[in-house]
Amino acid sequence: MNTNSSGTPSHTEEQYDHVQSVFQSIANRYDFMNDIISFRRHKAWRKFTMKKMAMKKGDTALDLCCGTCDWTLSMAEASETGLITGLDFSPNMLKVGEKKIHEKHLENRIRLIEGNAMDLPFEDNQFDYVTIGFGLRNVPDLEKVLKEMKRVVKPGGMVVCMELSKPTWQPFKGVFNFYFQKIMPNLGKLFAKRYEQYKWLPESLALFPGREELASIFRSVGLQQVEAYPLTGGVAALHIGIKENRHV
Ligand SMILES: C[S@@+](CC[C@H](N)C(=O)[O-])C[C@H]1O[C@@H](n2cnc3c(N)ncnc32)[C@H](O)[C@@H]1O
């Protein structure tokens, strides 16, 4: 693992390709496995996040690393009329998402783009919300992605990250680490026939910043009013930051 200018860990190109191949390979079982390995807690995390975001009718959003589009769909439903954009670099994950969008007849409200979260194909100040769900842990340089998110969100708009995190209190921390490192990859093997791919999860979390550290990185890229919420005892975390609105 390399570090960027401020010392935050960044992946090599080889790891970038590895991450892409992991998601290409698990796409068809991704939703099913999410329910199993998180004991369906991810649904409660998503609900809590949507509440904190408090979207209004017509709001627009960009959902980075949208994968199979759970969050993208929730935002399309919440904003009622706004255009929601999902971006991901795995065509297989997007294909699963596309099917779900079709089933909900939301094709005219959601556009999906195959692309890299590190280098967004959008002008500055475009979206009311820019989100990333369980994706920041996977990108080559998380600080660069947060800067891109801040660039394309409108002044006064919200940058939101939902991500796995590290519980800090014992004995829960010990139990979680044992589950995450030893049991969870075996659940991947059992239910999705993918051991190596699910071993990537604890590996990617190992060097990812903890909740407070990630909140500091949000501030260091210039986001304001940063809030960080632990989810299920710190197994995951929600971070929110606002882009300065110079006109108020
Ligand atoms: C764990 S999944 C999360 C999917 C979805 N956001 C959710 O909440 O379930 C991570 C997603 O990030 C995507 N991803 C990882 N690195 C990326 C990058 N550099 N650019 C675009 N997508 C990326 C993967 O293809 C995968 O679909």
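The values are calculated or read from the model by the stated rules, or taken from the named source; none is laboratory data. Note that the structure is predicted; figures quoted are calculated from it, not measured. Reconstructed Cβ throughout: ideal geometry from the backbone, glycine too, with neighbour counts over all protein chains shown. Just the protein is used for accessible areas: all its heavy atoms, side chains included, with ligands, DNA and RNA removed. Shrake-Rupley method; radii C 1.70, N 1.55, O 1.52, S 1.80 Å.
Using a cut-off of 23 Å between Cα atoms, the listed pairs Lys99/Lys243; Lys51/Lys144; Lys51/Lys173; Lys150/Lys173; Lys52/Lys166; Lys99/Lys182 include Lys99/Lys243; Lys51/Lys144; Lys51/Lys173; Lys150/Lys173; Lys99/Lys182 as exceeding that distance.
Do any trypsin sites (Lys or Arg not before Pro) in the range 187-248 lie in a loop, going by DSSP, with at most 15 other beta-carbon atoms within 10 Å of their beta carbon, and if so which?
Here the sparse-neighbourhood loop sites are Lys193, Arg246.
Sparsely packed loop sites in the range 153-248 (the chymotrypsin sites (Phe, Trp or Tyr not before Pro) outside DSSP H, G, I, E and B with at most 15 other Cβ atoms within 10 Å) comprise Trp169.
Just in the range 176-248: which GluC sites (Glu not before Pro) are loop by DSSP and have at most 15 other Cβ atoms within 10 Å? Of the GluC sites (Glu not before Pro), the ones in loops of the range 176-248 whose Cβ has at most 15 other Cβ atoms within 10 Å are Glu244.
Computed over protein heavy atoms with a 1.4 Å probe, the accessible surface of the range 2-242 works out to 47 Å² per residue. Taking amide H as placed 1.01 Å from N in the peptide plane, the amide H of Leu112 sits under 5 Å from that of Gly86, each at least 5 places away or on another chain. Note: relative contact order over the chain, using C-alpha pairs below 8 Å and six or more positions apart, is 18 percent. When both bridge partners sit in the chain, DSSP labels roughly 45% of those beta bridges antiparallel.
What whole number of Å gives the distance from the Cα centroid of the range 60-135 to the Cα centroid of the range 175-206? For the range 175-206 versus the range 60-135, the Cα centre distance is 27 Å.
Projected area of the chain, taken from the Cα convex hull and averaged over every viewing direction, in nm²? It would help to have the intermediate numbers written out before the result.
Numbers: hull surface 50.7 nm².
Quarter of the Cα hull surface area: 12.7 nm².
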